[in-house]
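Notes follow once the structure below has been shown.
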Amino acid sequence: HRLAGRAKVKPADLDKDLFVAFDDDLPIQKEIERYLRENKVTVEVVLHFDNIQTIKEAVAHGAGISIMPERVIRPDAEQGRLVALQLEPATLFRPVRIVHRRRKVFNEVTAGLIAILREQQQPNAA
């Protein structure tokens, strides 16, 4: 790929590239779309998947590029299977969810953590 020799890329470097995306209904894909839109970047989505491993396989087989968490791609980059480039500015965040049983009563520490997370919640988080 034309970007493979670099250490860092800017959003504009991705413009018009073939892109392997997460499924549209996933919060991480909505965040990636927000990032690209804010940086005035248009990519050509060629495939959509709901699974990071499948996205990595598609990229490894030359289907296009993708944006994913560094910790997920690190083993593949260390093996030389894929190339991981730092995206700057890195203003993406990965939406996370707390999952629990319905009607669960939390102890004081857990309830406090949830309160802090809710206070810090991004306004555009899905």
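The values are calculated or read from the model by the stated rules, or taken from the named source; none is laboratory data. Only a predicted model underlies this, so the values are computations on that prediction, with no experimental measurement involved. Please note: Cβ atoms are built from the backbone with ideal geometry, for glycine as well, and neighbour counts cover all protein chains shown.
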Legend entry - Within segment 41-51, considering residues that are of a type outside the set (A, V, I, L, M) and touching a residue at least 12 places away in the same chain (Cβ under 8 Å), the one surrounded by the fewest Cβ atoms within 10 Å (Cβ to Cβ): GLU44
Inset, instruction - Output the residues belonging to segment 40-67 that are assigned to a loop (DSSP other than H, G, I, E, B) and among the aliphatic types (A, V, I, L, M). - result: VAL41, VAL43, ALA63, ILE67
Inset, instruction - For segment 36-53, indicate whether the set of residues that are under 14 Å from the mean Cα position of the chain (by Cα), among the hydroxyl-bearing types (Ser, Thr, Tyr) and within 26 Å of HIS1 (Cα to Cα) is non-empty. - result: no
Inset, instruction - For segment 1-39, name all the residues that are within 18 Å of GLU70 (Cα to Cα), of a type in the set (D, E, K, R) and in a loop (DSSP other than H, G, I, E, B). - result: ARG6, LYS10
Inset, instruction - Would you check if VAL105 is part of a strand (DSSP E or B), out of contact with any Pro (no Cβ under 8 Å at 6 or more places or on another chain) and surrounded by fewer than 15 Cβ atoms within 10 Å (Cβ to Cβ)? - result: no
Inset, instruction - Any residue in segment 107-126 that's at pLDDT below 85: show its pairings with residues that are not small (Gly, Ala, Ser) at Cβ separation under 6 Å, as long as the two are six or more apart or on different chains. - result: ALA125/PRO95; ALA126/PRO27; ALA126/LYS30
Legend entry - Which listed residue, of THR42, THR54, is within 20 Å of VAL9 (Cα to Cα) and of a type in the set (Val, Ile, Thr): THR42
Legend entry - Every residue from segment 11-40 that is surrounded by 15 or more Cβ atoms within 10 Å (Cβ to Cβ) and free of Cβ contacts under 8 Å to residues at least 40 places away in the same chain: ASP13, PHE22, LEU26, GLN29, GLU33, LEU36, ASN39
Inset, instruction - Kindly indicate the residue of segment 68-97 that is of a type in the set (Val, Ile, Thr) and either touching a His at 6+ places or on another chain (Cβ under 7 Å) or in a loop (DSSP other than H, G, I, E, B) (or both) and also surrounded by the fewest Cβ atoms within 10 Å (Cβ to Cβ) among those meeting that condition. - result: VAL96
